1. Pick out, from L37, Y133, T51, the residue whose Cα sits farthest towards the positive end of the charge dipole of the range 19-135, with +1 on the Cβ of Lys and Arg and -1 on the Cβ of Asp and Glu.
2. For the range 177-256, with only Lys/Arg (+1) and Asp/Glu (-1) charged at the beta-carbon, what is the dipole magnitude about the Cα centre, in debye rounded to 20?
3. With charges only on Cβ, +1 for K and R and -1 for D and E, what is the dipole size of the range 7-51 about its Cα centre, in debye, rounded to 20?
4. In percent, how large is the relative contact order of the chain, given Cα pairs closer than 8 Å and 6 or more residues apart?
5. Treat each spin label as a single point 7 Å out from the Cα along the C-beta direction, and report the N115 to T51 distance in nm.
6. Test of understanding: in a Gaussian network model of the chain with alpha carbons linked when under 10 Å, which of T106, T16, T169 would top the mean-square fluctuation ranking?
7. Can you give me the accessible area per residue for the range 179-334, using a 1.4 Å probe, in Å²?
8. Can you list the residues, at least 5 places off or on another chain, whose amide H is less than 5 Å from the amide H of I228, using H built in the peptide plane?
Amino acid sequence: MAPDATSEQLDAVVDTVRGAGGSAFVSRGVHRTIVGLVGDIEQFQTLNLQTFAGVADVVRISTPYKLVSRDNHPATSPVNVAGVEIGPATFTFIAGPCAVETPEQTLAAAYMAKNAGAALLRGGAYKPRTSPYAFQGLGEKGLQILAEIRDEVGLPVVTEVVDAHDVDTVAAYADMLQIGTRNMQNFGLLQAVGSIGKPVMLKRGMNATIEEWLMAAEYIAQRGNLDIVLCERGIRTFETATRNTLDISAVPVVHALSHLPVVVDPSHSGGRRDLVVPLSRAAIAVGADGIIVDVHPHPDQALCDGPQALVDADLDQLTAAVRDLPPLLGRRLS
Ligand code: PEP
Ligand code: MN
């Protein structure tokens with residue numbers, strides 16, 4: 001309440017809250033009085049208490065997301081992707097090409113991923129590109145290639161869906177559906193993947209706060225799908241040396257707020273091959289549950305994101321980091 005609020009104004013707030021079925025606890029200080037509200041917060045928001053005479057401010061203390069909050073669910077929830085566990089006991093290395101270009105390129109990249117120690121194969125068939133003139137992906141043909149290669153190489157597949165109309169098609173081929181940074185607040189798409197029985201990787205919007213990201217996850221959970229893995233992939237800042245700025249602190253912050261596993265994408269955040277290994281080491285050290293990394297047999301010929309794709313010596317270094325570092329933090333490689 002404002003310092004000069006009258007007792008009638010205080011009573012009006014308390015009576016309104018109680019009339020709406022909530023509890024109001026009044027604590028009187030020397031200079032001002034605070035009213036604590038307990039009950040259905042969504043309903044309190046419809047009371048417009050902010051506009052009542054004598055009210056100085058209305059501050060929400062509890063989180064606006066419920067299903068993905070750690071408050072109601074203290075243990076981290078492992079997510080099972082076709083037998084591969086992503087969660088607190090494991091470290092999951094996901095690798096593959098940015099985009100599915102040809103069967104040969106995808107197969108070569110899949111073997112690179114597998115030989116490097118990856119447990120899941122990534123690769124986009126539907127590419128959300130900044131330019132409409134850039135390669136948009138092979139669509140369903142790309143999904144077919146991924147599914148064939150999964151059977152040959154033995155790695156379950158993570159692939160992006162960019163349109164709510166394609167969710168059933170992508171789910172028919174993929175083991176995990178990815179929502180990319182540009183679609184983090186495409187609420188129709190979030191609801192569509194919330195209604196399927198496949199795990200979802202939800203990348204952080206490059207302009208999204210952590211709370212907005214968790215609210216996006218809540219959209220998926222609210223439709224009944226709680227098999228969600230969050231992916232920190234860098235945010236927009238004033239810095240131009242990297243494509244985006246990897247918000248490494250998001251990993252422990254989100255772990256504190258949510259029971260969902262969190263992985264890091266060191267490829268799309270930095271956009272630079274030379275940063276992938278150091279950022280991956282940082283991700284492991286900060287407690288990420290996995291990483292998702294671009295590899296390509298011929299980065300100079302890649303149709304998408306060649307400058308960040310790992311090959312040869314860089315990939316060997318990453319293999320060593322992923323093998324040696326997670327056990328120091330009590331994790332086994334999944
Ligand atoms: C990707 O992983 O292929 C991708 C497009 O990533 P992001 O959405 O993070 O840019
Ligand atoms: Mn990419």
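The values are calculated or read from the model by the stated rules, or taken from the named source; none is laboratory data. Since the model is a prediction, treat every value here as computed from it, not as a measurement. Here the Cβ positions follow ideal geometry from the backbone for every residue, glycine too, while neighbour counts run over all protein chains shown. Heavy atoms of the whole protein, side chains included, go into the accessibility calculation; ligands, DNA and RNA do not. Shrake-Rupley method; radii C 1.70, N 1.55, O 1.52, S 1.80 Å.
1. Of the options given, the answer is T51.
2. Here the size comes out at about 300 debye.
3. The calculated dipole for the range 7-51 is roughly 200 debye.
4. 17 percent
5. Here the answer is 6.7 nm between the modelled labels.
6. T16
7. 39 Å²
8. Under 5 Å from the amide H of I228: V200.
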